[in-house]
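This report concerns only the one structure given below.
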Amino acid sequence: MDFEPIYRRHFRDVYSFVYALSRNETVAEEITQDTFFKALRSIDTFKGQCKMSVWLCQIAKNSYFTYMDKQKRFAPEPGALQESTSGDPVEEAVLNKEETMRIHRALRRLEEPYKEVFMLRVFGELSFAQIGQLMEKTEGWARVTFYRAKQHIQHMLKEESAL
């Protein structure tokens, strides 16, 4: 299989996705290159059950979080609290660096598709319509799945606080 057309066709989408996660051009470039390297090595495992871009973004997401774990960038900084006007406790918690680590621990335990939809919405800042399109579902499905993901995360955070 000639991988060059895949690279040319999907590079911008993967880069944009990683940049939305990292907000850092250097990190986005590094993770994007790593993503395509991993995809090239495992292209034989791609079954075509989802769009190529979805498969590549999944690889990119996993690469990004592996990179972040190695960099220890999720460590809270003293006094780094930010205020939010969204009124949504889960989204407000994401802005609070101290709570971010707790949410990421909960996300690791969250099942698919809830994990993916939550990350695309909160970290990737995609609209529900974009998420629905990416996941080959409806916008309504994306909204309901995101709502359920938030409910699961809130429940896990309450359980963690009770311990």
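Nothing in this text is a laboratory measurement; each read-out follows from the coordinates by a stated rule. Predicted model, so just to flag it, every value in this text is computed and none were measured. Quick reminder, even Gly has a Cβ in these numbers, built from the backbone with ideal geometry, and neighbours come from all protein chains shown.
Exactly which GluC sites (Glu not before Pro) in the stretch 96-163 are in a DSSP loop and have at most 16 other Cβ atoms within 10 Å? Taking the stretch 96-163 and a limit of 16 other Cβ atoms within 10 Å, the loop GluC sites (Glu not before Pro) found are Glu111, Glu125, Glu136. Here's the picture: charge each Lys and Arg Cβ at +1 and each Asp and Glu Cβ at -1 in the stretch 21-61, and of Gln33, Ser53, Ser22 the one pushed furthest to the positive end of that dipole is Ser53.
Averaging the Cα positions of each part gives two centres, and for the stretch 43-74 and the stretch 113-163 these lie 18 Å apart. Computed on the stretch 1-73, with alpha-carbon pairs under 8 angstrom and 6+ residues apart, the relative contact order is 35 percent. Please list, by residue number, everything in the stretch 107-149 whose backbone N is under 18 Å from a paramagnetic label point 7 Å out along Cα→Cβ of Arg9. Backbone N within reach: 134-136. Binning the C-alpha pair distances of the stretch 1-73 at 5 Å intervals from 0 yields a P(r) profile of 3, 18, 30, 25, 14, 7, 3, 0 %, listed from the shortest bin outward. Count charges around Lys51 for me, please; just the other residues with Cβ under 14 Å from its Cβ, Lys/Arg as +1, Asp/Glu as -1. Residues close to Lys51 contribute a combined charge of 0.
Sorted fewest first by neighbouring Cβ atoms within 10 angstrom, Trp141, Trp55 come out as Trp141, Trp55.
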